[in-house]
Amino acid sequence: MRNFKHLMLIAVLSLATLGLAAHVNPKGETVDPVKNQISNQITSLLETNNLKVQGADLLAFVHLTINAKNELVILDVRTESRQLESFVKSRLNYQKIQTMASSYRKFFGFRLRVTKDRIRLRG
């Protein structure tokens, strides 16, 4: 009976551990659910834009964190386009988002691509 309880405990802990593990997308890359949630909200904040993209796509790397009030704090926007840098900072800095409690004080980096018809964000 004692061995049975130990086996059941091990089985339950194993299943719980697997459930907490990071998700894997079809390409085999691990997906952080918190980062995915933040990415979706950032994309919706940037959706309506007045950026004029002529020729090549605009690219940027956005480095940010989340403060105690669940607000995005933009730390750095690396891009060759001053217009894109200004746009990202004005749209995202100190915008309140819904996020899991574990994202406070973590740092996140996203690649941002702005094309003529849409904005794509990748982690």
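Since every read-out is calculated from the coordinates, none of them should be taken as a lab result. Since the structure is predicted, the reported quantities are computational estimates derived from the model, not experimental observations. We place every Cβ from the backbone using ideal geometry, glycine too, and count neighbours over all the protein chains shown.
What the table below lists for this structure:
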| quantity | calculated |
| --- | --- |
| Label-to-label distance, nm, for residues given as Leu51 and Asn36 (7 Å Cα→Cβ offset) | 2.4 nm |
| Vicinal HN-Hα couplings computed from phi for region 43-52 (Karplus, 6.51 cos²θ - 1.76 cosθ + 1.60; Hz; Gly/Pro x) | 4, 5, 5, 9, 3, 7, 9, 10, 6, 9 |
| Whether region 23-122 is rounded, prolate or oblate, judged on the alpha carbon gyration tensor where a/c under 1.5 counts as rounded | oblate |
| Interchain or long-range residues, amide H under 5 Å from Lys106's placed H | Ile66 |
| Order by protection proxy (mean Cβ within 10 Å, highest first), peptides 47-54, 79-86 | 79-86, 47-54 |
